[in-house]
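The values are calculated or read from the model by the stated rules, or taken from the named source; none is laboratory data. Here the structure is a predicted model, which means the values were calculated and not measured. Note that each Cβ is placed from the backbone with ideal geometry, even for glycine, and that neighbours are counted across all protein chains shown. Just the protein is used for accessible areas: all its heavy atoms, side chains included, with ligands, DNA and RNA removed. Shrake-Rupley method; radii C 1.70, N 1.55, O 1.52, S 1.80 Å.
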Amino acid sequence: MLPITEKTLRTSFVNASRKETTDITLPAGFETLDWDALDYLGWRDPKIGRRAYAVVPTLDGELIGILFRQAEASSRARAQCSWCQDVKLPNDVAFYSAKRSGPAGRNGNTVGTLVCQDFQCSRNVRKLPPPAYEGYDVEAARLRRIEDLQLRAASFATEV
């Protein structure tokens with residue numbers, strides 16, 4: 001992901017009001033983020049419970065900011081993240097809903113997804129997978145996982 005400024009971040013949100021974008025608490029260490037290790041920028045708001053944000057680059061290079069609300073109920077079974085699809089998750093997964101942009105969102109239409117609770121997907125897909133068989137190219141598999149994460153996150157962002 002290419003580095004972004006605070007102004008670019010705030011203007012990228014498609015499903016948030018001006019007041020909500022003004023109230024966004026930037027992620028800790030925003031100025032020192034390792035942008036090369038991120039496929040999207042996602043974080044939970046430390047001041048407003050159950051609110052989270054993600055800024056996702058689309059395949060065209062456009063940035064789409066999404067304001068999420070975490071569901072109050074949690075899954076009884078261990079869920080799998082829809083974005084990174086890591087089968088050995090070291091973290092919890094939460095259901096996040098996002099109001100759609102435009103008239104649909106103003107009418108109350110939402111879209112939801114299961115995502116790593118603290119948006120660790122970029123870290124998860126960069127871990128080398130275990131070799132599936134002799135001669136298995138683990139580096140190619142890791143690169144494929146990174147590309148798949150970027151595609152799934154961008155696809156969700158365009159739905160909002």
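Mind checking the dipole of the chain: about its Cα centre, +1 per Lys or Arg Cβ, -1 per Asp or Glu Cβ, Debye to the nearest 20? Kindly include the intermediate steps, with their values, before the conclusion.
On the way: 22 positive and 20 negative charges, 151 e Å.
Dipole about the Cα centre, nearest 20: 720 debye.
Counting only protein heavy atoms, what percent of the accessible surface of the chain is carbon or sulfur at a 1.4 Å probe?
Details: 4580 of 9220 Å².
Answer for the chain: carbon and sulfur cover 50 percent of the accessible area.
Residue by residue through the stretch 36-48, which ³J(HN,Hα) values in whole Hz follow from phi under the Karplus form 6.51 cos²θ - 1.76 cosθ + 1.60 (θ = phi - 60°), with glycine and proline marked x?
Those phi angles translate into 5, 9, 10, 9, 7, 9, x, 7, 9, 7, x, 8, 10 Hz.
What full-extension length gain, to one decimal in nm, is calculated for TYR136 and ARG76 as 0.36 nm per residue of separation minus the Cα-Cα distance? Provide the component values of the computation, followed by the final result.
Numbers: separation 60, 0.36 × 60 = 21.60 nm, distance 3.50 nm.
Computed gain between TYR136 and ARG76 is 18.1 nm.
Give the angle, between 0 and 90 degrees and rounded to the nearest 10, that separates the Cα long axis of helix 138-159 from the longest principal axis of the Cα atoms of the chain.
Helix 138-159 sits at roughly 20 degrees to that axis.
Once you've got the GNM for the chain with C-alpha springs shorter than 10 Å, pick whichever of ASP39, ASP23, ASP60 has the biggest mean-square fluctuation.
Residue with maximal mean-square fluctuation among ASP39, ASP23, ASP60: ASP60.
Considering every pair of different Cα atoms, what Kirkwood radius, in Å, is found for the chain? Let's see the in-between values first.
On the way: mean 1/r = 0.0609 Å⁻¹.
Final number for the Kirkwood radius of the chain is 16.4 Å.
In the structure shown, do any of LYS99/LYS127; LYS47/LYS127; LYS19/LYS47; LYS7/LYS99 have a Cα-Cα gap over 24 Å, and if so which? Can you show the working numbers first?
Values: LYS99/LYS127 32 Å; LYS47/LYS127 31 Å; LYS19/LYS47 15 Å; LYS7/LYS99 22 Å.
Where the Cα-Cα span goes over 24 Å, the pairs concerned are LYS99/LYS127; LYS47/LYS127.
Whole number in Å², please: accessible area per residue of the chain, 1.4 Å probe, ligands, DNA and RNA not counted.
Details: 9220 Å² over 160 residues.
Ligands and nucleic acids excluded, the figure is 58 Å² per residue.
Give the Cα extents of the stretch 103-160 along the principal axes, in whole Å, largest first.
Rounded to whole Å, the extents work out to 54, 20, 14 Å.
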